[in-house]
Each structure stands twice: as structure tokens, then as C-alpha cells.
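Working notes, structure below.
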Amino acid sequence: MDEARRLQLIDIVAAKTGVDVACAARHLALHDDEVAAALRGIDVERYTLTQRLLNKYRRDPEDALQHVALAVLQHEGIRSDSVLRTERIAALAPPVAGMVLLAEWLAYVDWEGFDSALYANIDAVAAFIAGGLDLPEVAANLLQTRDEAVFETQRLALATAALLFIERHTTQFP
């Protein structure tokens, strides 16, 4: 590759990422002048896994929440077949444990239905929603009203609040 093309690639990477040209050149060299690989390398260097997931899936807050929860479980080595799964999740930092609990509960709603999910650790989920996410009306609906239609209208706000919660506690996530 000629020097003019190399400089052009460096400028492209620097412009897309906001890094200086030295950093862009270093990442291009590390990745054999492949722009996409250099961009990914810069992201890995600059952002945590959680931040990268939030950036990638932000358009769908609930999907982002599920990806972050999966990353936490994988990072901590908590498998779905673990007998101690609940205890291992509870042993995580409180913000992380609450978020994983919520993500798993929302997935349970999708798998088994809202009515079944009301019997799956609902007190802990509602406590996290009311306290951690500061959404007492959503928690009250789950504990008292138990209205699926109301819950569905609140679901996007719940997932969005969870993402904001993760951003506030991002240092505790992988």
C-alpha cells in the first residue's frame, strides 16, 4: 500500500473515532490496514464491554438490557444449568444483581407469559423496579393491580430506565 493511501486510511479512522492520528495509525498497523478491524480495536480500547453493548443496541432498550445481562452472566461464569445460579446472581454487586434479575424476569415474561411471571421472584423484581429504577408505579402494578395491559404500556419506560441505571453504574459492569 502506498503512503498516500495509508495516510488517507489514517485520516478516515481518526475522523470516525475522534482519536488522534497516532492512535489511528497504531490501530491500522495492528490490524493490517483494515479500517473496520481498526475501528473495533479502538472501541475495545476506549469502552468497556457494557458501554459497547449499550452503544450497539441502544435503539432497542430491552434488547440492550438482555445483551448486558448475558455479558454479565458470561463474565461471571454463571451458567443457566447452575444449581447455584440464583445465589451467584445475588452475590453480584447490588446494581448488577438487580439488573440481571430484571432482565431475566422480562425474558421469563416473554417465555412463559405475564401471568406466570407474576409468581417468579416478583417481590425482588418489584423492589428493584421501585427502588433501583425509581418507578414505584410500575412496581405497584406488578404487586397490586397485576394488569398485563398496563405493564405492556410501561415496558419500554422500564427498559429505558434500566439502561439509564446501567449507565449510572457502568463501572460495576464488565
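The values are calculated or read from the model by the stated rules, or taken from the named source; none is laboratory data. Predicted model only: the values in this text are computed from it and were never measured. Please note: Cβ atoms are built from the backbone with ideal geometry, for glycine as well, and neighbour counts cover all protein chains shown. These accessible areas exclude ligands, DNA and RNA; they are computed on the full protein's heavy atoms, side chains included. Shrake-Rupley method; radii C 1.70, N 1.55, O 1.52, S 1.80 Å.
Descriptive notes on the structure:
- Karplus-based coupling profile of region 120-126, in residue order and whole Hz: 10, 6, 5, 5, 5, 5, 5, with θ = phi - 60° in 6.51 cos²θ - 1.76 cosθ + 1.60 and x standing for Gly or Pro.
- With DNA, RNA and ligands ignored, accessible area of D20 (1.4 Å probe; Å², nearest 10): 90 Å²
- Among L28, V68, A93 the positive-end extreme of the charge dipole of region 1-115 (Cβ point charges): L28
- Modelled FRET efficiency - R0 35 Å, E137 with I12, Cβ distances, 0.05 increments: 0.15
- Ordering F165, L49, I78 by the projection of their Cα atoms onto the charge dipole of region 35-174, which places +1 on the Cβ of Lys and Arg and -1 on the Cβ of Asp and Glu, puts L49 at the extreme positive end.
- Between 0 and 90°, nearest 10: helix 35-46 axis offset from the chain longest Cα axis: 60 degrees
- Over region 59-131, relative contact order from alpha-carbon pairs under 8 Å, at least 6 apart, %: 28 percent
- Here the gap between R46 and D33, fully extended at 0.36 nm per residue and compared with their Cα-Cα distance, gives a gain of 2.7 nm.
- Exposed loop sites here mean trypsin sites (Lys or Arg not before Pro) with a DSSP loop assignment and at most 12 other beta-carbon atoms within 10 Å; the chain contains its longest site-free run at 80-174.
- The stretch between D20 and R155 holds 44.5 nm of extra length on full extension. This uses 0.36 nm per residue minus the Cα-Cα distance.
- Per residue, the chain exposes 55 Å² of accessible surface when a 1.4 Å probe is rolled over the protein heavy atoms with every protein chain present.
- Using just its DSSP H runs of length 4 or more, each adding -39500 (n - 2.57), the chain gives a mean residue ellipticity at 222 nm of -22500 deg cm²/dmol after division by all residues.
- Taken over the C-alpha atoms, region 98-174 has Rg and Dmax values of 11.8, 36 angstrom.
- Phi-based couplings in Hz for region 95-111 (Karplus 6.51, -1.76, 1.60; Gly and Pro marked x): x, 5, 4, x, 5, 5, 4, 4, 4, 5, 5, 4, 5, 5, 4, 5, 6
- Theoretical FRET efficiency, 1/(1+(r/R0)^6), r = Cβ-Cβ of I122 and E76, R0 22 Å, to 0.05: 0.40
- Cleavage-rule hits (chymotrypsin sites (Phe, Trp or Tyr not before Pro)) in region 70-174: DSSP loop, at most 15 neighbouring Cβ within 10 angstrom: Y119
- Given charges at beta-carbon only (K, R positive; D, E negative), |dipole| of region 43-174 in Debye: 480 debye
- Shape analysis of region 7-149 yields a ratio of the Cα radius of gyration to the Kirkwood radius, Rg/Rh, of 1.14.
- Global size of region 1-88 as Cα Rg and Dmax, reported in angstrom: 17.9, 59
- Taking all protein chains as they are arranged and a probe of 1.4 Å, the heavy atoms of V44 leave approximately 90 Å² accessible to solvent.
- Each pair of Cα atoms in region 37-77 enters the Kirkwood radius, and Stokes-Einstein at 25 °C and 0.890 mPa s then converts it into a translational diffusion coefficient of 230 µm²/s.
- Share of carbon and sulfur in the accessible heavy-atom surface of region 1-139 [1.4 Å probe, %]: 54 percent
- Label point 7 Å beyond Cα of D147 along Cβ direction - residues of region 96-138 with amide nitrogen under 17 Å: 114-115, 136-138
- C-alpha center-to-center spacing [region 57-116, region 1-49] in angstrom: 34 Å
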